[in-house]
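Let me begin by presenting the structure, written as C-alpha cells, before commenting on it.
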Amino acid sequence: MTDKNRRDWSEKDLKKHIVDQRKYLWRESTIERIASWLDLKSGITAVDVGCGLGYLGWTFWQHFGSDSTYIGVDCSIKLLREAQETQPDWSEGGRACFVNSSAYTIPLPDECADRVMCQTLLMHLEFPEDAMNEMIRIVKPGGVIMCMEPDNISSSLSMVSNSVYSPSIKEKLEQFKMQLIWAEGRKKLGRGDWGIGAKVPEMMADRGLIDIDALFNDSPRFIHPPYETEVQKYSIEKMRESIIEKDEDTKKLLWKKYRECFLAGGGSLSTFYRYKKSCEEKQEQFEPLILEQLEKKTYYNGISGSHFFCIWGFKPEG
C-alpha cells in the first residue's frame, strides 16, 4: 500500500520547516525522562519510522547508541541521503543505517526490533492504523512502541495576546471553526488527522499493546523583553524571517491547499475568501508594527504551548 497523498518533505520549504520545527521542540530534561521510561540502553535495535533526517536517532543516541543499531525508515530518498551524510557525526560507538520504504510495508523481519518509534508521522498518513500495525509487527515481544504526535486541533484554541494585537472572542471562535472545518477536510482528502495525538492511546490499546502511558510536551513558548533565552532569540529570528523574506509562490500554494481542505470539510468558497482577506489585511496592518517593536525590544507574546504528546505502549510477551 502507498499513500497517494503523501507530501515530498525533501522540497525546500518543507525540509526547512521540519528542521526549524525540531529545534528546541523538546527540553533536554524531558528527553532524558523519556529515555529512562523507555529503558533505552546499549545493545538494542531501534527503528525510527518516518525518520526524515534522522532526528530521533541523534536525539536519543546518547542514551542507547553504544553497541546498538539504529534503523531509519523513510519514503523520501532525498532526505535519507542527507541523513546518511550527517549520520557519522552522531552515531559513534554503534551502527546507523537507513531504509527507503513506506510506513505501510517496512522491509524488516517480524519481531526484529527492541524499540520502534516515530515522530509526527501518523498525523500525515491516510491510514495511520496500518502503519501502527507494521510497527507492532516488527517489535519484539516485551518491546516498546513510542509515538510522538500532536493534537493540533486543540492547539488551535491557544490564541494568546501580544503587544500588537489581541483577537476578540468572536475572532477566536471564527478561527477555531475555520480550523475544525479545514482539519475535517484534510482527513477526508486522505492527508492525515490533525488531532491524532489524542487518539494514539486508543489506537495502541485496540491493537493489544499494554502498559500504555504518555507524557505531555512541557516546552512552552513566549516572547518577552529583554529576550534573554536561546529559545526566544531563535523564535524572534524566525518571526523576522517569515515577515521580511516572504515567498509569494509558497504563500499562494499554502492558501490553495488550505482552500482544498476547507471546501472538502464542508466550508463555502465565500467564507474561505472572506477569511483569507481578513488574514491578509491583519498581516499588512500588524507585521510592520511587530518588526518595529522587535527592533525597540518592546514586543511581547503571551505564553502558549503545543498539545504534543509522547505516547508509548508495550507489546505483550508470550
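The values are calculated or read from the model by the stated rules, or taken from the named source; none is laboratory data. None of the values given here were measured: they were computed from a predicted structure. Positions of Cβ are generated from backbone atoms using ideal geometry, with glycine treated the same way; all protein chains shown enter the neighbour counts.
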Could you list, in sequence order, all residues of the stretch 220-229 that are exposed (fewer than 15 other Cβ atoms within 10 Å of the Cβ) and modelled with pLDDT under 90?
PRO220
Out of the helices (runs of 4 or more DSSP H) lying entirely within the stretch 196-277, which hold 3 or more residues that are in the same structural domain as ALA183 (by TED's automatic domain parsing)?
230-244, 248-264
Is it fair to say GLU184 is of a type in the set (Asp, Glu) and not assigned by TED's automatic domain parsing to the domain that holds LYS140?
yes
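Looking only at the stretch 243-266, which residues are of a type in the set (Gly, Ala, Ser) and surrounded by 12 or more Cβ atoms within 10 Å (Cβ to Cβ)? Give the derivation first.
Let us first name the residues in the stretch 243-266 that are of a type in the set (Gly, Ala, Ser), namely 264-266.
Across the stretch 243-266, the qualifying residues are ALA264, GLY265.
In the stretch 267-280, is there at least one residue being under 17 Å from ILE303 (Cα atoms), of a type outside the set (Lys, Arg) and surrounded by 12 or more Cβ atoms within 10 Å (Cβ to Cβ)?
So in the stretch 267-280, the residues under 17 Å from ILE303 (Cα atoms) come out as none.
The answer is no, given that none of the residues of the stretch 267-280 is under 17 Å from ILE303 (Cα atoms), of a type outside the set (Lys, Arg) and surrounded by 12 or more Cβ atoms within 10 Å (Cβ to Cβ).
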